[in-house]
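Please read the structure below before turning to the comments.
The values are calculated or read from the model by the stated rules, or taken from the named source; none is laboratory data. Being a predicted model, the structure only gives us computed values, none of them experimental. Every residue, glycine among them, receives a Cβ derived from its backbone with ideal geometry; neighbour counts consider all protein chains shown.
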Amino acid sequence: MRRMPGGFPGPMGGMDLQKMMKQAQKMQEDLAKAQEDLSGRTVEGTAGGGVVTVTANGHRDITRIQIKPEAVDPEDVETLEDLVLAAIRDAQSKAGALAQQELGGIAGGLGLGGMM
């Protein structure tokens with residue numbers, strides 16, 4: 001069996017296992033920091049031309065819902081429900097894109113971008 005640099009047998013292609021472990025540890029630390037930072041970042045989703053606004057953090061948690069008075073029609077509650085749902089989906093989509101942008105770059109260093 002062929003021995004790799006550092007005395008490790010196997011198909012590592014000459015990669016230093018200790019260096020690889022340090023890189024993995026650094027990536028894990030970077031991911032933890034980025035995830036912590038995401039909780040403090042916010043995005044807004046809107047619907048109905050801005051009559052409903054939903055705020056979410058980088059983890060897709062809804063933190064606020066704003067509804068302008070003109071969106072409230074007691075005769076048409078269903079439309080308001082649809083607007084709120086659309087604004088929530090918009091906010092969560094934007095939060096997901098933010099998370100992908102922040103975390104994808106870190107994971108991409110080890111070819112894990114598709115896992116995020």
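Could you list, in sequence order, all residues of the range 53-105 that are of a type in the set (D, E, K, R) and either surrounded by 15 or more Cβ atoms within 10 Å (Cβ to Cβ) or assigned to a loop (DSSP other than H, G, I, E, B) (or both)? Correct list: ARG60, ASP61, LYS68, ASP73, GLU75, ASP76, ASP90, LYS94, GLU102. With respect to being more than 26 Å from the chain's Cα centre (by Cα) and either at pLDDT 85 or above or under 28 Å from LEU98 (Cα atoms) (or both), ASP30 falls outside the description. For first residues located in the range 68-79 and small (Gly, Ala, Ser), partners that are in a helix (DSSP H, G or I) and surrounded by 10 or more Cβ atoms within 10 Å (Cβ to Cβ) and lie 6+ apart or on another chain with Cβ distances below 8 Å form the pairs ALA71/GLY48; ALA71/LEU80; ALA71/LEU83. As a summary of the residue check, GLY50 satisfies the conditions (1) more than 16 Å from LEU103 (Cβ to Cβ); (2) among the small types (Gly, Ala, Ser); (3) surrounded by 14 or more Cβ atoms within 10 Å (Cβ to Cβ) except for the one numbered (3).
Restricting the range 29-47 to residues that are part of a strand (DSSP E or B) and of a type outside the set (Gly, Ala, Ser), the residue that is surrounded by the most Cβ atoms within 10 Å (Cβ to Cβ) is VAL43.
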